[in-house]
Amino acid sequence: MKQLWKNHTVSLLLLLYLALTPMFSNAFGVELTGKFIVLMIFAIALDLVWGYAGLLSLGHAVFFGLGGYMLALSYSLQKGVPSFMARFQITEIPLFMKPLTSIPMAFVLGLVLPSVIAFVIGYFIFKSKVSGVYFSLITLALAKLFEMIAINNQAYTGGFNGLMGLPRFPIGGKPMELDSYYYLVLAIAVVVYLFAHWLMNSRFGKIVKSIRENEPRIAFLGYNVAHYKIFVFVISGFISGLAGMLYVPMNGFFSPNEIGLALSTMIVVYVAIGGRGTIIGPAIGAFLINLLQNELSEQYPAFWQLLLGLIIVLVVLFFPKGIYGTLQEKLGAWLAQFRLRREGK
Amino acid sequence: MNILETKGLSVEFSGFKALTDLDFSLEEGELRVILGPNGAGKTTLMDLITGKTAPTAGTIHFKNMNITGMDTFRISRLGIGRKFQGPHLFDNMTVEENLEVAFQGYHSLRKSLFFRKTKELKERMEEILTMIQLQDKTSHYAINLSHGEKQWLEMGMLLAQDPELIILDEPTTGMTAEETHKTGQLIENLFKGRSIIVIEHDMAFVRQVARKVTVLHQGKLLAEGMLEEIENDKRVQEVYLKEDSHA
């Protein structure tokens, strides 16, 4: 227990705060915080790939968006042909979208499809030994590609406007209460956090880290680097898809913004600000930036983006390893010194 | 028995012949030093043996298995370990983590996910840490070690990897005379019974460890024999011992 507290102090404090939020916050606040939690899950997913394996994916929203669209489309199809389709003289749900009429099926697809896409992308990129900036460029192009696909196929995706009026996880026909859904999302976030923690502290995690540190070297120790990269990419795609689906009921609508460049870049910023390769760091980054964004846009509607940008630049300058990463390092060094001094006396 | 054998090994990089028609063999348990001026093809030969580069012609056999053009990680699993010129560690990982990833036999994804440190492994880890004198620095990040300590950690990783053939590319670069001597002892003691290929410039070190020496020059085999023979060889003196000042 003491060990748990020692290793996860910050995470536990954050969890406590999030768990108590619905008790002293209005519905709007709960919904907002719920969205933050979803983005925290997403940030953890990117941390596995970027923070640990050192693969900077600039198109991670592809997986988030794929998951989200599966569930959002499924909700839209529940009452027959939705209006955005009817506008294009479609009178029947097209065959390839039939599976989405079942919500559980859509849920499974929302996990499987991002994982499969991650596998295919990973397979071709990592087997052909593409790495570094080229990997980032390819993922960047993919984000733009998926964004265009979502916008240009208005008849099937709702186009630029996205999908609106989505319910909150209707189990047995009735949408869930906001608070219960909030706690469901929080519980999943905890599970994802613990899983990521376990994974990255396993031998697998150490090998993934050594790929980041010195990729040429690890092959000389007998590891098939491509397999490890593909696997961690698929896991990350899976978690991203999950986050995308959780986002749908919390947000009430889903648009191409959530599959394209804008979100892909924001999530990279969250991870960088929070602290790469720390799991909780990126979650904190996602939380703080969203909180700040929310406050600033309320107080200074005219130039909040400027202020946010300034703060991000300052953090990067003064906390090169991210807020959590740098504090951990500084505090760790300070504690070690403190202990040494006490033992010395 | 020869543990390693190359026949007619050649490699070309866009017209430049880095190695030409090289026949090289190493007996089991032998320690061989490879000498040669810069550009002689020493490191290229090591790249070929470990699968980093594929040869344009010729074959490489390890334990009578044809490993020509095989992937690096497969060759490594067969039992060839390599230490690069200069430290080549996982910088932002602890000493212990560096050693842990080097341990052999857990290469597959499944094994790495459900890996548990056994008692034997822990004991072996302690043993290695003591041998390389880093037992007090297990949780230090590799990047914060001194140059000598880094080199020894690499030796420790080789021990953890437990290969039958060890390739050491200039293991004493940047070391003081004392450290160099200590490294020589370390190599002789730690890797006893294994086959070793050492590339080295430092003649004091070569005299300390060498028995048989192979000299390469411009991608070709120039001479091979016991150290005294080589040192008195006219051709070797011409191309290497006198011409190359940093020897």
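Throughout, read-outs are computed from the coordinates displayed, never taken from laboratory work. None of these values were measured; they are calculated from a predicted model. Backbone-built Cβ (ideal geometry, glycine too); neighbour counts: all protein chains shown.
How do B:Ile128, A:Ile218 rank when sorted from fewest to most other Cβ atoms within 10 Å of their own Cβ?
B:Ile128, A:Ile218
Given the options B:Ala40, B:Ala210, B:Ala177, which has the most mean-square fluctuation in a GNM of chain B, springs set between C-alpha atoms less than 10 angstrom apart?
Evaluated over chain B, the most mobile residue of the options is B:Ala177.
May I ask you to derive the FRET efficiency for B:Asn189 and A:Phe124 from their Cβ-Cβ distance with R0 = 51 Å, giving the value to the nearest 0.05?
Computed FRET efficiency for B:Asn189 and A:Phe124 comes out at 0.60.
Helix A:203-213 versus the longest principal axis of chain A: what angle, 0 to 90°, nearest 10, using Cα atoms?
Computed tilt is about 80 degrees.
Exactly which chymotrypsin sites (Phe, Trp or Tyr not before Pro) in segment B:45-135 are in a DSSP loop and have at most 16 other Cβ atoms within 10 Å?
Sparse-neighbourhood loop chymotrypsin sites (Phe, Trp or Tyr not before Pro): B:Phe114.
Tell me which aspartates and glutamates have Cα within less than 14 Å of B:Lys117's Cα, excluding those fewer than 8 residues away on the same chain?
Once the sequence-local aspartates and glutamates are set aside, what remains near B:Lys117 is B:Glu96, B:Glu97, B:Glu100, B:Glu126.
Which of these, A:Phe220, A:Phe107, A:Phe319, has the largest mean-square fluctuation under a Gaussian network model of chain A (Cα springs below 10 Å)?
Looking only at A:Phe220, A:Phe107, A:Phe319, the largest GNM fluctuation is found for A:Phe220.
Ranked by Cβ crowding within 10 angstrom, fewest neighbours first, how are A:Tyr223, A:Tyr134 ordered?
Least crowded to most crowded, the residues run A:Tyr134, A:Tyr223.
Restrict the search to segment A:86-182; then list the GluC sites (Glu not before Pro) that DSSP places in a loop and that have at most 12 other Cβ atoms within 10 Å of their Cβ.
A:Glu92, A:Glu177
Rounded to the nearest Å, what's the spacing between the alpha carbon centres of segment A:115-171 and segment B:1-72? Just the number, please.
45 Å
Taking K and R as +1 and D and E as -1, what net charge do the other residues with C-beta under 11 Å from the C-beta of B:Ser112 add up to?
+3
Given contacts defined as C-alpha pairs under 8 Å and at least six residues apart, what's the relative contact order of segment B:90-149, whole-number percent? Don't skip to the answer; put the middle values down first.
Working: 33 pairs, mean separation 37.7, N = 60.
Computed value for segment B:90-149: 63 percent relative contact order.
Relative to the first principal axis of the alpha-carbon coordinates of chain A, what is the inclination of helix A:103-127, with its axis defined by its Cα atoms, in degrees from 0 to 90 and to the nearest 10?
60 degrees
Tell me which aspartates and glutamates have Cα within less than 20 Å of B:Lys17's Cα, excluding those fewer than 8 residues away on the same chain?
Candidates past the 8-residue exclusion: B:Asp47.
Would you mind checking the tilt of helix A:280-299 against the longest principal axis of the Cα atoms of chain A, expressed as 0 to 90 degrees and rounded to 10?
60 degrees
Under the rule that an exposed site lies in a DSSP loop and has at most 14 other Cβ atoms within 10 Å, name the longest stretch of chain B with no GluC sites (Glu not before Pro) of that kind, not counting the sites themselves.
Answer - B:29-242.
May I ask you to list the trypsin sites (Lys or Arg not before Pro) in segment B:37-136 that are in a DSSP loop and have at most 10 other Cβ atoms within 10 Å of their Cβ?
Hits after loop and neighbour filter: B:Arg116.
Which of the residue pairs B:Lys83/B:Lys182; A:Lys129/A:Lys321; A:Lys229/A:Lys330; A:Lys206/B:Lys52; B:Lys42/B:Lys220 have a Cα-Cα distance greater than 19 Å in the structure shown?
Too far apart for the 19 Å limit: A:Lys129/A:Lys321; A:Lys229/A:Lys330; A:Lys206/B:Lys52.
Going down the table (B:Lys7/B:Lys212; A:Lys127/B:Lys111; A:Lys98/A:Lys127), which pairs top 24 Å between alpha carbons?
Over 24 Å Cα-Cα: A:Lys98/A:Lys127.
Straight distance only, please: which lysines reach the Cα of A:Lys174 with their own Cα at less than 18 Å, same-chain residues fewer than 8 apart left out?
Once the sequence-local lysines are set aside, what remains near A:Lys174 is A:Lys79.
Which FRET efficiency value, to the nearest 0.05, do you get for A:Ala27 and A:Leu145 by plugging their Cβ-Cβ distance into 1/(1 + (r/R0)^6) with R0 = 30 Å? Let's see the in-between values first.
Working: r = 37 Å, r/R0 = 1.23.
With R0 = 30 Å, the Cβ-Cβ based efficiency is 0.20.
Average partner chain C-beta neighbours within 10 Å, per residue of B:63-72?
Average per residue, whole number: 1.
So which residue, out of A:Lys35, A:Lys330, A:Lys229, gets the largest mean-square fluctuation from a GNM of chain A using Cα contacts under 10 Å as springs?
Ranking A:Lys35, A:Lys330, A:Lys229 by mean-square fluctuation puts A:Lys330 first.
May I ask what percent, to the nearest 5, of DSSP beta bridges between residues of the protein assembly as shown are antiparallel?
Here the antiparallel bridges make up roughly 60 percent for the protein assembly as shown.
Determine, for B:Ile197, A:Ile312, the number of other Cβ atoms within 10 Å of each Cβ, and report the residues in order from fewest to most. Display every interim value, and only then the final one.
Numbers: B:Ile197 24, A:Ile312 16.
The most exposed by this proxy come first: A:Ile312, B:Ile197.
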